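All remarks here apply to the structure that follows.
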Amino acid sequence: MPAPRALVPIAVGTAAIAAAVAATRALRSTVSREHALTSTFTISMVGEAPADWSTTPLSRLAEDDRFRLAARSTPDGAGTAVTVTRIDADTADVPDDDIRRALRETRSLVECGEVVQAEPRPEGHRKATPWGVALDAVDGVAMGKGIR
């Protein structure tokens, strides 16, 4: 049975969107492979960076020769900027999100004395609601790349 004429534009639009999504994913994977070769991540914090990285969430990266960690005073002198740089092309086993998370946790440790986390939720188990699902999605993104 042929499709009604009213559904043809919807089908064409859906196919165009699917093609655009596929092209975007292909481009992102190419860019992320190139990005993994030389990436620098910087975060500013109030206070001084620890003298010994082994006591921070950055310890895994500090011990790895494929990364360079540097701490310098911020231009205004109010804090410290910590930079993690990939210096080896063979660092694909360490995702960008893990580096960002380690930097955020180190800043939290320096500024607050502990790693501040939103999980586990103090309210415990809750019924799934549209707003709760949206909040969980935003929270999941924030744990990796942060909210932009």
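The values are calculated or read from the model by the stated rules, or taken from the named source; none is laboratory data. In this text the structure is predicted, and so the values were computed from the model without any measurement. Cβ atoms come from the backbone with ideal geometry, glycine included; neighbour counts cover every protein chain shown.
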Given (1) farther than 14 Å from residue 99 by Cα; (2) surrounded by 10 or more Cβ atoms within 10 Å (Cβ to Cβ); (3) modelled with pLDDT of 65 or more, number of the condition residue 28 does not satisfy: (3)
Mind listing whichever residues of the range 51-73 are over 15 Å from residue 107 (Cβ atoms) and assigned to a loop (DSSP other than H, G, I, E, B)? 51, 52, 64, 65, 66
Filter the range 64-88 down to the residues that are over 13 Å from residue 53 (Cβ atoms) and of a type in the set (Asp, Glu), then identify the one that is nearest to the chain's Cα centre (by Cα). 88
